[in-house]
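Encoded as structure tokens, the structure appears first; notes follow it.
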Amino acid sequence: MLDMRLISQYLPEFFEALFETLKVAALSGVFALIIGTVVGIISTMKSKLAIIPVGIYTGFIRSTPLLVQLYFVHYGLPITGIMLTSFQSAIIAFSLNSGAYISEIVRGGLASMDKGQSEASRALGLSWFQTMRLIILPQVFKKILPPLISQFSYLIKDTSLAAVLVIPELTYTARKIAARTYMPFESFGVPMLMYFGIYLILALLSRFISGKKEPGRSARRWFGFGKVV
Amino acid sequence: MERVVRIRGLHKSFGKLHVLKNIDLDVYESDVLVLCGPSGAGKSTLLRCINMLEHYHEGTIDVLGKDIKSSRANLSYVRKNSGMVFQHFNLFPHISVMDNVALAPIHVKKIPKDQAYEKAKGLLDQVGLSAKYDAYPGQLSGGQKQRVAIARALAMDPKLMLFDEPTSALDPEMIKEVLDVMIKLALGGMTMIIVSHEMGFAREVANKIGFLDDGKIIELTPKNEFFTNPRSERTKEFLSKIL
Ligand SMILES: Nc1ncnc2c1ncn2[C@@H]1O[C@H](COP(=O)(O)OP(=O)(O)OP(=O)(O)O)[C@@H](O)[C@H]1O
Ligand SMILES: [Mg+2]
């Protein structure tokens, strides 16, 4: 039987952990968006000097496990003199990881832009930076919002790895409560529902944003995200 | 009269394709120059070199007395003081018609917002779009879009307007509304370079007509002479096809 008394007793602690999870995800998400935008823009440039480092960065991130990246930042970097708290390490690892994926989304969005937009801007005398800020990026972000939201939902799930650095987020807290109460079903069931709830909210948001363009009554309609660019 | 554009010995290639071959061209204040010629002759490329949307390899282009290649400041001066209208409009779809027109004055010329919007309204009235201030480009017809594009270019108070086939993406019934706006501009003394196949329009407003073929200006003559007494065989051939 489900032990409701136990669940309600630990619920405040779970919510605190959920808040920690969202904090890690939101902070990493903001940094990842900045990294992804800058790297995405660089990756559309023609110069090899720009493209090669970007290729190494995204290639490295995509081809190695996030858990190892997390360990590397937290336990590897101190060798070079960079000492980080668990929280800082997690934010850095998640930002770099998510940033690499976002950069490819941004690059795709930039590539899909009509060349006429930047030509019209330049002909009006706008600088490169103004053209990006006022004309190109607003259109790109509108277009890539659904895949960005879905990337963010992966990021939220990925933050569970922060448990290995003893950050009191949802997964770590669940493990702690399970060990304390010997009730693994409830202890891991509650966070599962919480992760699912966030995912559902994001999926609905994404569906709302991408409008009613994609009709269909399948489960994908509710649980899948809108079409990627 | 003041010279607005001076081109000497211009060459431009795309890879191995030699597109512009030793172009010389002078355009003076209040000139309305219509450039015509067969597809692939290099008309668009020539026009786009004038505000350096295309980089060129050889030759010099002075616009408004400034060599556009010699410094960034010169190029930026020329872009601020010239307007361009494209075949496919290239309006900014994410902002309103008013914002399209006011954007460059606000961000490039740093004009106060309320002044820029006042001016945008005036220009939109002038091109017959008083009812569309708050519309988005996606809600307009092709002819309306092109008129917004003209207003957008005029908002910078250009001393030179460049048009690249401004009516060739339009349905026939919308061509006139755009040409009418251009005629008004020409009559107002605007210096214009227009790539166009609208020979009727050229007859009405151009004072000079240039004929390009295979990357060369074959003929550049006052309008009347062009139609009545073309110098080269190529021009005669071309005219017989399109008139
Ligand atoms: N970006 C480019 N890259 C490679 N080749 C190009 C490019 N732009 C134009 N060209 C080539 O240069 C030549 C001249 O093109 P341009 O667009 O200037 O011709 P045009 O006279 O404007 O023709 P149209 O009447 O069809 O518009 C053509 O052969 C074209 O294929
Ligand atoms: Mg052309």
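Every number here is computed from the coordinates shown, using simple stated rules; none is lab data. Just so it is clear, the model here is predicted, and its values are computed rather than measured. Quick reminder, even Gly has a Cβ in these numbers, built from the backbone with ideal geometry, and neighbours come from all protein chains shown.
By its C-alpha gyration tensor, with a ≥ b ≥ c as the square roots of the eigenvalues, how is segment B:72-211 shaped: rounded for a/c under 1.5, else prolate for a/b larger than b/c, else oblate?
oblate
Across the residues of A:147-160, average count of Cβ atoms on other protein chains within 10 Å?
0
Residue B:168 to residue B:30: FRET efficiency via 1/(1 + (r/R0)^6), r the Cβ-Cβ distance, R0 30 Å, to the nearest 0.05?
0.75
With everything on Cα atoms, drop me the angle between helix A:184-209 and the longest principal axis of chain A, reported from 0 to 90° to the nearest 10.
30 degrees
Computed over the Cα atoms of segment A:1-143, what is the convex hull's projected area averaged over all directions, in nm²?
13.1 nm²
How much length would be gained if the chain were fully extended between residue A:11 and residue A:128, taking 0.36 nm per residue of separation minus their Cα-Cα distance, in nm to one decimal?
37.0 nm
List the lysines whose Cα lies under 17 Å from the Cα of residue A:46, skipping any in the same chain that are fewer than 8 positions away.
Hits, sequence-local ones excluded: A:115.
Just the number: Rg to Rh for the protein assembly as shown, Cα atoms, Kirkwood Rh, two decimals.
When Rh is taken as the Kirkwood radius, the ratio is 1.13.
In degrees, nearest 10, range 0 to 90: what is the angle between the Cα axis of helix B:233-242 and the longest Cα principal axis of chain B?
Result, in degrees: 40.
log₁₀ I(q)/I(0) of chain B at q = 0.07, 0.12, 0.13, 0.16 Å⁻¹, via Debye over equal Cα point scatterers, no solvent, to two decimals?
-0.23, -0.68, -0.80, -1.19
Normalised by the number of residues in segment A:4-213, what is the relative contact order in percent for Cα pairs under 8 Å and 6+ residues apart?
28 percent
Residue by residue through B:101-111, how many Cβ atoms from other chains fall within 10 Å of the Cβ on average?
3
So how do B:179-186, A:80-87 stack up, highest first, on mean other-Cβ count within 10 Å?
B:179-186, A:80-87
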